[in-house]
Amino acid sequence: MKHQQNPLKQELTNKLIAAKAFWSYAVTADTVIPAEVLIEKTMIHLDIEEINQLFLLYPKHKIKAAWRDRLVVQGDGYYTLNNFIARVYFKVKNPDAYFKRVTTNYLTKIQCQH
């Protein structure tokens, strides 16, 4: 039995495929993309309109967690994007302090695992 996706998820998946966001592995229109990956790739590869659509699909806390855990921890590579997302979508008053705290917590966590 074929799994049917939400039409909005399907639309975002198709746009991400067209944007070649999944260049490192095979993804087709039928592939079910995990929420965290869909959120991350949408924020990186698509536009504000599609980022706004994420909030129709997922609760704000899930989007924020995916952004924090998958984009913020990558550091300065996405600084401008993260700064925009922090201010516009999550009303972070001091993004630099927030980024530093999240990154420090992430690095501490991965050091404790080894």
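The values are calculated or read from the model by the stated rules, or taken from the named source; none is laboratory data. Since this is a predicted model, take the numbers as computed values, not measurements. Here Cβ is always computed from backbone atoms with ideal geometry, including for glycine, and neighbour counts include all displayed protein chains.
The figures follow:
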item: Given (1) touching a helix residue (DSSP H, G or I) at 6+ places or on another chain (Cβ under 7 Å); (2) surrounded by 13 or more Cβ atoms within 10 Å (Cβ to Cβ); (3) modelled with pLDDT under 95, index of the condition residue 36 fails; result: (3)
item: Residues of segment 24-72 classified as in contact (Cβ under 8 Å) with a residue 40 or more places away in the chain and over 10 Å from the mean Cα position of the chain (by Cα), total; result: 3
item: Every residue from segment 45-57 that is surrounded by 15 or more Cβ atoms within 10 Å (Cβ to Cβ) and closer than 15 Å to residue 8 by Cα; result: 46, 50, 51, 53, 54, 57
item: Filter pass, residue 103 being touching a Gly at 6+ places or on another chain (Cβ under 9 Å) and assigned to a helix (DSSP H, G or I); result: yes
item: Among (1) hydrophobic (A, V, I, L, M, F, W, C); (2) assigned to a helix (DSSP H, G or I); (3) surrounded by 17 or more Cβ atoms within 10 Å (Cβ to Cβ), the one test that residue 97 misses; result: (3)
item: Selection count, segment 72-84, where residues are loosely packed, with under 15 Cβ neighbours inside 10 Å and β-branched (Val, Ile, Thr); result: 1
item: Some residue of segment 58-71 being within 21 Å of residue 5 (Cβ to Cβ) and loosely packed, with under 11 Cβ neighbours inside 10 Å; result: yes
item: Where residue 31 falls short, out of the listed (1) in a loop (DSSP other than H, G, I, E, B); (2) in contact with a Pro (Cβ under 9 Å, 6 or more places away or on another chain); (3) not charged (D, E, K, R); result: (2)
item: Qualifying residue in segment 38-45 (condition: of a type in the set (Lys, Arg) and outside any loop (DSSP other than H, G, I, E, B)); result: yes
